[in-house]
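This report concerns only the one structure given below.
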Amino acid sequence: MAKVLNVYAKGNDVPIATGDATSVTITGLAAGTVVATGDYQVAYVDGDQSSDKVDVPGFTVLVANPTNPADVKSTATTDGAQVTAG
């Protein structure tokens, strides 16, 4: 069996995700969530052998950018323009 990287929620022995030999993805967190160092831990697993768990450094889940404006229109005025978007 090949070596994989498992991620665990703090204090749990059941992995919440399994990756490959170099990375694993944590999903399902809301945008803006602040995760403290040690809230998640990772360990290498190879068959029935496992390394010690190591704390994942803290991070904040990125907030998605708003969608681009659509149906942009401009109407000339006497001193510029009025711009609208739908």
Fill in: Which listed residue is among the hydroxyl-bearing types (Ser, Thr, Tyr), over 21 Å from the mean Cα position of the chain (by Cα) and open to solvent by 80 Å² or more (accessible area, probe 1.4 Å), from THR75, THR18
THR75
Worksheet item: Would you pick out the residues in segment 1-15 that are open to solvent by less than 20 Å² (accessible area, probe 1.4 Å) and either modelled with pLDDT under 95 or polar (S, T, N, Q) (or both)?
Response: ASN6
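Please tell me if GLY58 is surrounded by 10 or more Cβ atoms within 10 Å (Cβ to Cβ), under 16 Å from the mean Cα position of the chain (by Cα) and among the small types (Gly, Ala, Ser). Give the derivation first.
Working: surrounded by 10 or more Cβ atoms within 10 Å (Cβ to Cβ): yes; under 16 Å from the mean Cα position of the chain (by Cα): yes; among the small types (Gly, Ala, Ser): yes.
It is true that GLY58 is surrounded by 10 or more Cβ atoms within 10 Å (Cβ to Cβ), under 16 Å from the mean Cα position of the chain (by Cα) and among the small types (Gly, Ala, Ser).
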Discussion item. Condition check: in contact with an Asp or Glu (Cβ under 9 Å, 6 or more places away or on another chain), in a strand (DSSP E or B) and among the β-branched types (Val, Ile, Thr). Does VAL83 satisfy that?
Written reply: no
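Which one of these is over 15 Å from the mean Cα position of the chain (by Cα) and open to solvent by 90 Å² or more (accessible area, probe 1.4 Å): THR84, THR67, THR25, THR37? Outline the logic, then answer.
On the way: THR84 fails: open to solvent by 90 Å² or more (accessible area, probe 1.4 Å); THR25 fails: over 15 Å from the mean Cα position of the chain (by Cα); THR37 fails: over 15 Å from the mean Cα position of the chain (by Cα).
Exactly one of THR84, THR67, THR25, THR37 is over 15 Å from the mean Cα position of the chain (by Cα) and open to solvent by 90 Å² or more (accessible area, probe 1.4 Å), namely THR67.
The values are calculated or read from the model by the stated rules, or taken from the named source; none is laboratory data. Keep in mind that this is a model prediction, so the values were computed, not measured. Glycine also receives a Cβ, built like all others from the backbone with ideal geometry; neighbour counts cover every protein chain displayed. Accessible surface areas use protein heavy atoms only, side chains included; no ligands, DNA or RNA. Shrake-Rupley method; radii C 1.70, N 1.55, O 1.52, S 1.80 Å.
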